[in-house]
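S.K.: Handing you this structure, nothing more for now.
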């Protein structure tokens with residue numbers, strides 16, 4: 001989830017539940033609600049320590065790490081500012097945990113109990129970089145700033161705060177309810193993915209029977225007919241099936257790509273068998289990220305690797 005939404009939701013949740021107690025710790029709540037995303041500054045350390053958990057959305061996105069980090073930072077802050085360590089630590093842990101919980105709702109897996117457990121999970125309720133929530137968060141920030149500058153009426157500002165508080169609460173309640181309702185009606189070969197806008201979603205279906213691989217992506221809406229984005233059925237030769245399994249293994253070696261759902265497209269050309277893996281979680285209209293492995297069909301060895309993004313429809317790339 002984008003940093004603007006983490007900032008806004010963190011502030012709104014503090015004002016909703018704690019403003020009648022004290023506003024003294026609002027800055028602390030906001031700071032810890034965005035702190036996990038500052039792990040982007042730790043990424044250069046990955047080259048030194050060779051740990052995937054120094055990646056963005058790695059070890060920092062853990063409730064356990066949150067308790068430890070807020071304890072350390074809270075200790076320094078309470079000494080420098082003469083504040084209660086216990087209150088700073090509790091508020092810091094709650095809002096650090098709020099960040100982790102919000103990212104658990106997205107389509108990108110996080111190690112939410114690291115280092116106790118390295119299992120990663122996501123609930124596929126909201127897109128990881130939701131354009132919809134980001135725009136609304138930015139509108140709230142700009143509106144609140146303008147009201148604060150040009151209006152001395154605290155009632156107007158409080159109206160905007162209350163409006164956006166209930167907007168986000170209703171929005172996430174709807175997203176969660178929608179996911180639970182439609183997922184309960186899917187079979188084991190189907191998977192639900194949220195769309196860019198709240199009323200749209202995607203159903204991905206994948207079936208593998210021996211050497212036959214069937215794939216389909218259907219865009220659904222509460223107010224319009226289903227739209228099939230992509231559908232294909234591929235029958236692989238035995239040697240191609242081996243290369244497909246090898247490609248899947250290579251794909252899972254990349255920490256970030258292993259978090260996503262890969263849609264394989266097979267390309268055959270002059271003794272070369274290529275597998276292009278698209279990722280549903282990154283789909284924005286006609287654009288999506290991919291990685292591609294090219295294998296020599298005779299030697300069964302990988303001869304090249306490519307990664308990037310495509311503006312073309314997936315179906316146009318299948319051949």
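S.K.: Show me the strands (runs of 3 or more DSSP E) found entirely inside the range 205-286 where at least 2 residues are out of contact with any helix residue (DSSP H, G or I) (no Cβ under 9 Å at 6 or more places or on another chain) and free of Cβ contacts under 8 Å to residues at least 24 places away in the same chain. Even if it seems obvious, please write down each step before you answer.
M.R.: On the way: elements: 212-221, 227-235, 262-269, 272-279.
It comes to 212-221, 227-235.
S.K.: If I ask for residues that are modelled with pLDDT under 95 and either farther than 19 Å from residue 112 by Cβ or surrounded by fewer than 16 Cβ atoms within 10 Å (Cβ to Cβ) (or both), which ones from the range 31-45 would you list?
M.R.: Matches in the range 31-45: 38, 40, 41, 43, 44, 45.
S.K.: Further question: Quick test for you: out of 199, 230, 204, pick the one residue that is buried (at least 17 other Cβ atoms within 10 Å of the Cβ), under 24 Å from the mean Cα position of the chain (by Cα) and either outside the structural domain of residue 283 (by TED's automatic domain parsing) or over 26 Å from residue 272 (Cβ atoms) (or both). Can you show your working first?
M.R.: On the way: 199 fails: buried (at least 17 other Cβ atoms within 10 Å of the Cβ); 230 fails: either outside the structural domain of residue 283 (by TED's automatic domain parsing) or over 26 Å from residue 272 (Cβ atoms) (or both).
Within the list 199, 230, 204, the selection yields 204.
S.K.: Select from the range 250-267 the residues that are surrounded by fewer than 17 Cβ atoms within 10 Å (Cβ to Cβ) and touching a strand residue (DSSP E or B) at 6+ places or on another chain (Cβ under 7 Å) and write down the one among them that is nearest to residue 278 (Cα to Cα).
M.R.: 261
S.K.: Select from the range 212-227 the residues that are in contact with a strand residue (DSSP E or B) (Cβ under 6 Å, 6 or more places away or on another chain) and either loosely packed, with under 12 Cβ neighbours inside 10 Å or over 30 Å from residue 168 (Cβ atoms) (or both) and list them in ascending order.
M.R.: So the first thing to find is which residues in the range 212-227 are in contact with a strand residue (DSSP E or B) (Cβ under 6 Å, 6 or more places away or on another chain), and the list is 212-221, 226-227.
Once the filter is applied, which keeps residues that are in contact with a strand residue (DSSP E or B) (Cβ under 6 Å, 6 or more places away or on another chain) and either loosely packed, with under 12 Cβ neighbours inside 10 Å or over 30 Å from residue 168 (Cβ atoms) (or both), the range 212-227 yields 212, 213, 214, 215, 216, 226.
S.K.: Being surrounded by fewer than 13 Cβ atoms within 10 Å (Cβ to Cβ), more than 22 Å from the chain's Cα centre (by Cα) and more than 17 Å from residue 35 (Cα to Cα), is that true of even one residue in the range 123-143?
M.R.: Checking the range 123-143: at least one residue is surrounded by fewer than 13 Cβ atoms within 10 Å (Cβ to Cβ), more than 22 Å from the chain's Cα centre (by Cα) and more than 17 Å from residue 35 (Cα to Cα).
S.K.: Looking at residue 65, is it surrounded by 16 or more Cβ atoms within 10 Å (Cβ to Cβ), farther than 22 Å from residue 176 by Cβ and in contact with a helix residue (DSSP H, G or I) (Cβ under 9 Å, 6 or more places away or on another chain)? It would help to see each step written out before you state the result.
M.R.: Numbers: surrounded by 16 or more Cβ atoms within 10 Å (Cβ to Cβ): yes; farther than 22 Å from residue 176 by Cβ: yes; in contact with a helix residue (DSSP H, G or I) (Cβ under 9 Å, 6 or more places away or on another chain): yes.
Taking the combined requirement at face value, the residue satisfies it.
S.K.: Quick check on the range 90-107. Is at least one of its residues more than 25 Å from residue 167 (Cα to Cα) and either surrounded by fewer than 20 Cβ atoms within 10 Å (Cβ to Cβ) or modelled with pLDDT of 95 or more (or both)? Lay out the reasoning, then the answer.
M.R.: Within the range 90-107, the subset more than 25 Å from residue 167 (Cα to Cα) is 90.
Now drop any that are not either surrounded by fewer than 20 Cβ atoms within 10 Å (Cβ to Cβ) or modelled with pLDDT of 95 or more (or both), which leaves 90.
Yes, there is a match, as at least one residue in the range 90-107 is more than 25 Å from residue 167 (Cα to Cα) and either surrounded by fewer than 20 Cβ atoms within 10 Å (Cβ to Cβ) or modelled with pLDDT of 95 or more (or both).
S.K.: A follow-up question, please. Part of a helix (DSSP H, G or I), at pLDDT 95 or above and in the same structural domain as residue 100 (by TED's automatic domain parsing), is that true of residue 161?
M.R.: Numbers: part of a helix (DSSP H, G or I): yes; at pLDDT 95 or above: no; in the same structural domain as residue 100 (by TED's automatic domain parsing): yes.
Answer is no for this residue.
The values are calculated or read from the model by the stated rules, or taken from the named source; none is laboratory data. Just so we're clear, the structure is a prediction, and the values are computed from it rather than from any experiment. Every residue, glycine among them, receives a Cβ derived from its backbone with ideal geometry; neighbour counts consider all protein chains shown.
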